[in-house]
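A short write-up of the structure that comes next.
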Amino acid sequence: MTKTGMIDFRGVNKWFGALNVLKDITLSVEPREVVVVCGPSGSGKSTLIRCVNGLETIKDGNLIVDGQRVGDPATNMTSLRTEIGFVFQSFNLYPHKTALENVTLAPIHVRKIPRAEAEKAGRELLAKVGLADKVNAYPAQLSGGQQQRVAIARCLGMRPKIMLFDEPTSALDPEMISEVLDVMVAVAEEGMTMMVVTHEMGFARKVAQRVVFMDAGAIVESGTPDEFFSHPRTDRSRAFLSKILRH
Amino acid sequence: MLENFSFRTIVEYLPLFGQGLVTTVWLSALSFVGALIVGIVLCAMNLQRGWLFRAPAKAYIDAVRATPLLAQLYFLYFGLPRLGFVLPELVVGIIALSLNSGAYIAEIIRAGILSIPRGQVEASVASGMTYVQRMRLVVLPQAFKVTIPPLLGQAIVLVKDSALLSLISVAELTRAGQLLASDRFMPAEGFLTIAAFYLLLYYCIKGLAVLSSRWLGTAGARA
């Protein structure tokens with residue numbers, strides 16, 4: 001067997017009806033690598049990372065995550081998902097649970113970690129994302145930035161091997177973006193394998209090893225952040241960058 | 001008409017009204033519990049992907065919603081003995097109310113579950129929860145809150161519907177009013193009195209609704 005990455009797309013295709021939303025995607029993400037995925041709206045970047053944990057199914061091609069083939073009947077998706085954290089644009093915290101309960105729910109019920117131990121770890125994680133004083137707050141009592149940090153802590157509570165971020169700062173007020181990005185930088189620096197859909201170029205430059213640019217369902221360009229931002233190779237990426245870097 | 005309204009007759013019949021009221025309360029309560037069970041089972045069937053369970057549930061709910069409760073009551077009252085089930089009127093009445101209200105409750109619960117945003121399900125799926133875990137830990141606790149007020153509304157409807165059981169001679173509240181009206185030929189005394197008792201029951205259930213919404217409003221607030 002050839003050496004595979006942590007996340008390995010090999011000729012992956014997906015359709016929504018007649019629309020080819022992922023076109024022959026081949027992409028390998030190595031362990032501890034941080035890959036930023038960017039591209040215009042509707043280019044398929046969210047769909048791409050949602051395939052990794054099976055929130056979307058693929059039509060053909062192979063997608064191998066942590067050595068297991070996604071969508072294969074022999075693969076236990078439920079257990080594979082425990083190794084993959086997913087951070088949503090709209091946070092999706094559980095509104096009927098406190099911040100701490102949000103963080104400990106899956107560790108207790110899915111990972112079967114004893115409650116006391118899970119709560120201790122949960123408190124440490126909330127402290128790590130700067131929310132030690134919000135342990136007992138409900139999501140509705142938190143700002144967007146705070147909610148997203150709880151959501152990141154919730155993923156970390158499962159001790160995942162991979163973290164996926166789907167536009168984690170797009171729903172936030174500008175002054176809250178940096179507090180979330182700081183947490184993501186810290187996670188990246190601890191060696192997490194990450195795929196991040198974002199237009200935050202500062203984040204990409206700081207921690208990403210690679211930037212992947214998508215348009216109309218295909219990967220158009222891929223390179224180091226420096227190469228991509230300073231010397232984009234295609235017209236489409238140049239046009240895209242001129243739009244997002246204008247302001 | 002009201003100048004010869006006889007409060008004395010009402011007082012005379014109060015023990016009968018009292019017994020009727022008590023019967024109405026407990027048979028409604030039993031029927032509501034039955035309806036909850038019927039509703040939960042129907043709703044679970046209705047939320048399955050395959051048509052095998054869904055189709056019969058949908059057909060049942062449609063049939064109940066499309067036909068008058070009185071017809072359903074007579075259907076059971078005259079139909080069950082033909083199938084060999086000879087049951088007391090009271091039992092037939094409770095079964096009829098449970099089966100009828102259950103269809104409405106199934107839809108109330110389904111609406112509650114479907115009102116939970118898709119993102120909640122996705123978040124729990126992404127964290128590796130099984131179907132049962134995400135229903136138990138994430139979806140149902142949230143659906144429960146939005147379901148309580150319409151469920152109590154259905155309870156009010158059920159109490160009023162139980163008046164129909166007087167037609168199969170169950171000795172509940174409306175039956176008491178009928179007896180007074182026919183014994184003394186005093187329909188105003190009979191039916192205004194039971195109306196007052198139904199109003200009283202209504203306010204009791206409404207009080208529960210207010211209490212529960214206050215309680216649900218403070219525990220785990222949603223913005």
Inset, instruction - Could you check residue A:119 against (1) at the interface with another protein chain (Cβ under 10 Å from one of its Cβ atoms); (2) within 21 Å of residue B:141 (Cβ to Cβ); (3) in a helix (DSSP H, G or I) and say which number it fails? - result: (1)
Inset, instruction - Give the number of residues within region A:203-247 that are more than 18 Å from residue A:40 (Cα to Cα) and small (Gly, Ala, Ser). - result: 2
Inset, instruction - Given the conditions (1) of a type outside the set (Lys, Arg); (2) more than 16 Å from residue B:20 (Cα to Cα); (3) buried (at least 18 other Cβ atoms within 10 Å of the Cβ), report the number of the one that residue B:132 does not fulfil. - result: (3)
Inset, instruction - Say whether the condition of being basic (Lys, Arg), crowded, with 17+ Cβ neighbours inside 10 Å and not in a helix (DSSP H, G or I) is met by at least one residue in region A:88-110. - result: yes
Inset, instruction - Mind listing just one residue for me: the one in region A:1-18 that is touching a residue at least 12 places away in the same chain (Cβ under 8 Å) and out of contact with any helix residue (DSSP H, G or I) (no Cβ under 9 Å at 6 or more places or on another chain) and, of those, nearest to residue A:163 (Cα to Cα)? - result: A:6
Legend entry - Residue check for residue A:67: surrounded by fewer than 20 Cβ atoms within 10 Å (Cβ to Cβ), closer than 20 Å to residue A:158 by Cβ and away from every other protein chain (no Cβ under 14 Å): yes
Legend entry - Residue in region B:59-79 that is more than 14 Å from every other protein chain (Cβ to nearest Cβ), surrounded by 16 or more Cβ atoms within 10 Å (Cβ to Cβ) and among the polar types (S, T, N, Q) present: yes
Legend entry - Subset of region B:107-125 that is assigned to a helix (DSSP H, G or I) and β-branched (Val, Ile, Thr) - its residue that is nearest to the other protein chains (Cβ to nearest Cβ): B:125
Inset, instruction - Specify the residue that is farthest from residue A:158 (Cα to Cα); the eligible residues are those in region A:183-196 that are surrounded by fewer than 14 Cβ atoms within 10 Å (Cβ to Cβ) and free of Cβ contacts under 8 Å to residues at least 24 places away in the same chain. - result: A:189
Inset, instruction - Restrict the check to region B:180-195 and report whether at least one residue is at pLDDT below 95, among the basic types (Lys, Arg), in a helix (DSSP H, G or I) and farther than 24 Å from residue B:155 by Cα. - result: yes
Inset, instruction - For region B:44-59, name all the residues that are within 14 Å of residue B:104 (Cβ to Cβ) and either at pLDDT below 95 or touching a strand residue (DSSP E or B) at 6+ places or on another chain (Cβ under 9 Å) (or both). - result: B:46
Inset, instruction - Output the residues belonging to region A:177-197 that are of a type in the set (S, T, N, Q) and in contact with a strand residue (DSSP E or B) (Cβ under 6 Å, 6 or more places away or on another chain). - result: A:193
Inset, instruction - Assess whether residue B:103 counts as being closer than 28 Å to residue A:151 by Cα, crowded, with 17+ Cβ neighbours inside 10 Å, small (Gly, Ala, Ser) and touching a Gly at 6+ places or on another chain (Cβ under 8 Å). - result: no
Legend entry - Top-ranked residue of region B:119-151 - restricted to ones that are more than 13 Å from residue A:96 (Cβ to Cβ) and β-branched (Val, Ile, Thr), ranked as farthest from the chain's Cα centre (by Cα): B:125
Inset, instruction - Could you grab me the full set of residues in region A:130-160 that are more than 11 Å from chain B (Cβ to nearest Cβ), buried (at least 17 other Cβ atoms within 10 Å of the Cβ) and not in a helix (DSSP H, G or I)? - result: A:131, A:135
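Identify all residues within region B:129-179 that are assigned to a loop (DSSP other than H, G, I, E, B) and in contact (Cβ under 8 Å) with a residue 12 or more places away in the chain; write none if there are none. Let's see the steps before the verdict.
We begin by selecting, within region B:129-179, every residue assigned to a loop (DSSP other than H, G, I, E, B); these are B:129-130, B:169-172.
Answer for region B:129-179, where residues must be assigned to a loop (DSSP other than H, G, I, E, B) and in contact (Cβ under 8 Å) with a residue 12 or more places away in the chain: B:169, B:170, B:171, B:172.
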Inset, instruction - Kindly indicate the residue of region A:43-64 that is within 14 Å of chain B (Cβ to nearest Cβ) and assigned to a loop (DSSP other than H, G, I, E, B) and also surrounded by the fewest Cβ atoms within 10 Å (Cβ to Cβ) among those meeting that condition. - result: A:57
Inset, instruction - Determine the pairs where a residue that is at the interface with another protein chain (Cβ under 7 Å from one of its Cβ atoms), located within region A:77-104, has a partner that is among the basic types (Lys, Arg) and surrounded by fewer than 22 Cβ atoms within 10 Å (Cβ to Cβ) with Cβ atoms under 6 Å apart, the partner being 6 or more residues away or on another chain. - result: A:95/B:222
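Go through region A:161-181 and give me each residue that's without any contact (Cβ under 8 Å) to a residue 40 or more places away in the chain and either surrounded by fewer than 22 Cβ atoms within 10 Å (Cβ to Cβ) or more than 22 Å from residue A:53 (Cα to Cα) (or both). So that I can check it myself, show each step before the final result.
Going residue by residue through region A:161-181, those that are without any contact (Cβ under 8 Å) to a residue 40 or more places away in the chain are A:169, A:172-178, A:180-181.
Matches in region A:161-181: A:172, A:173, A:174, A:175, A:176, A:177, A:178, A:180, A:181.
The values are calculated or read from the model by the stated rules, or taken from the named source; none is laboratory data. Values in this document were obtained by computation on a predicted structure and should not be read as measured data. Here Cβ is always computed from backbone atoms with ideal geometry, including for glycine, and neighbour counts include all displayed protein chains.
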